[in-house]
Every structure is written in structure tokens, then in C-alpha cells.
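First up is the structure itself, then whatever we jot down about it.
The values are calculated or read from the model by the stated rules, or taken from the named source; none is laboratory data. Computed from a prediction, not measured in an experiment: that's the story for all the values here. Cβ: placed from backbone, ideal geometry, glycine included. Neighbour counts: every protein chain shown. When the accessible area is computed, the model is the full protein with side chains, heavy atoms only, and any ligands, DNA or RNA have been set aside. Shrake-Rupley method; radii C 1.70, N 1.55, O 1.52, S 1.80 Å.
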Amino acid sequence: MSATNLVLIGFMGCGKSSVGKLVAKDSSYYFLDTDSMIESAEGQSIEKIFKTHGEAYFRQCEKEMVIWLKSNVSGAIISTGGGMLAHCDSLNEVGKIIYLKVPFDVIISRMNDEELGKRPLFNDKEKARKMYEDRDLKYTQKADLIIDANTSLAELVLKLSHEKTSL
Ligand code: S3P
């Protein structure tokens, strides 16, 4: 059932949700965002989940979400949290993996305090940079398609709309 999903991966702030929503709007896909789904299921923001239950609990929520997506969802563009691929081995079974790649320094320059505040793993920027390097390798190894997402949102929408047809 899940082969028809497009799964957007990439580091925090690379634009997965913004572009996913817009591309889905003009296509036959519908849009899902795993962070929002976890927030709804838990009745708490990601920031609060990290604070009250810790990261390990959040990763468990992500693992359960991947299991659920595999058997219940098809025809969706799915925006994932930046750590989902690194923490959930079977994300490839949910659909075709598309890595939206943006250099770390560009990501930092795009984020305001509110955006940073929503993301507990950005508290320490040097740790986040190291995490980016580790994740970039993993994302690259697992991706079916890598898109250079260091562009305007409008350009990225065009690229994703076009390149998804090659999968
Ligand atoms: C995380 C990324 C966040 C969110 C959580 C953990 C990560 O999602 O899932 O804060 O480990 O990279 P975004 O990639 O949408 O910011």
C-alpha cells in the first residue's frame, strides 16, 4: 500500500512542511506532517513532549508513527521530523524517500528565535552542526532522490513537482 507515498526528509528547517503542503495542493497527493500528527496524538507540542517525557519518548512516538504509516497511508506527501530517518530503520518501507538538502549555515540564517525555540535539539548550535554532518550521510545513503533545496520556496515547489515524477 505504501509504495505510492513520497516521504520528505532533511534537517530541521530545510522546508519539508512548507514545500510538501504546496506541492500536495496542486497534485493528487494529500499532505501529512509527522510532527503535527504526534503533537495531536499526544496533545502537546514537540517542545513540551521533549521537556516532560524526554527525547527517548518522542523517538518511540516516531517509531509507532512509522509502523502506522506503513499499513494505513498511501498517496500522501509526508513531511517527517528531521530525526525520523535516523531513528526509524523502516522509513523506506513507507514510500520513496526525498532528501531536501540545504547547507547548515543557510538553515541557521533562515531561522528566527521562534523557529529555534520550537526545536529543542537546536539549543546548542555546535552540537546541531555535528548532528547535521552525521545526518547528512544517513539522509544521502537512504534517499531515492536528493533535491538541492537551497533555493526560494517557489523554486523548490517547481523542482519537487517536476522531479517527483521520476520516482
Ligand atoms: C527533530 C526535528 C524536528 C522535531 C524534533 C526533533 C530532529 O522536526 O521532529 O524537534 O531530531 O531533527 P523538524 O525537522 O520539522 O524541525
In this structure, is LYS118 over 14 Å from the mean Cα position of the chain (by Cα), closer than 18 Å to MET37 by Cα, charged (D, E, K, R) and within 13 Å of the ligand (Cβ to nearest atom)? yes
Next item on the list: State whether the residues of the range 7-18 include one that is modelled with pLDDT of 95 or more, more than 12 Å from the ligand (Cβ to nearest atom) and hydrophobic (A, V, I, L, M, F, W, C).
Entry: yes
Selection from the range 11-54 of residues among the acidic types (Asp, Glu) and touching a residue at least 40 places away in the same chain (Cβ under 8 Å) yields ASP26, ASP33, ASP35, GLU47
For the range 108-132, pairs from a residue that is closer than 24 Å to TYR57 by Cβ to a residue that is in a loop (DSSP other than H, G, I, E, B), with Cβ under 6 Å and 6 or more apart or across chains, are ARG119/MET12; TYR132/PHE11
By residue number, the members of the range 34-44 that are outside any helix (DSSP H, G or I) and surrounded by 13 or more Cβ atoms within 10 Å (Cβ to Cβ) are GLN44
Those residues of the range 151-167 that are β-branched (Val, Ile, Thr) and assigned to a helix (DSSP H, G or I) come to a total of 2
Selection from the range 73-104 of residues open to solvent by less than 10 Å² (accessible area, probe 1.4 Å), in a strand (DSSP E or B) and not polar (S, T, N, Q) yields ALA76, ILE77, ILE78, ILE97, ILE98, TYR99, LEU100
Scanning the range 105-150 residue by residue, those part of a helix (DSSP H, G or I), charged (D, E, K, R) and open to solvent by 80 Å² or more (accessible area, probe 1.4 Å) turn out to be ASP105, ARG110, ASP113, GLU114, LYS125, GLU126, LYS127, LYS130, GLU133, LYS138
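If a residue has to be open to solvent by less than 80 Å² (accessible area, probe 1.4 Å), more than 11 Å from the ligand (Cβ to nearest atom) and either free of Cβ contacts under 8 Å to residues at least 40 places away in the same chain or of a type in the set (D, E, K, R) (or both) to count, how many in the range 55-71 make the cut?
Selection size over the range 55-71: 2.
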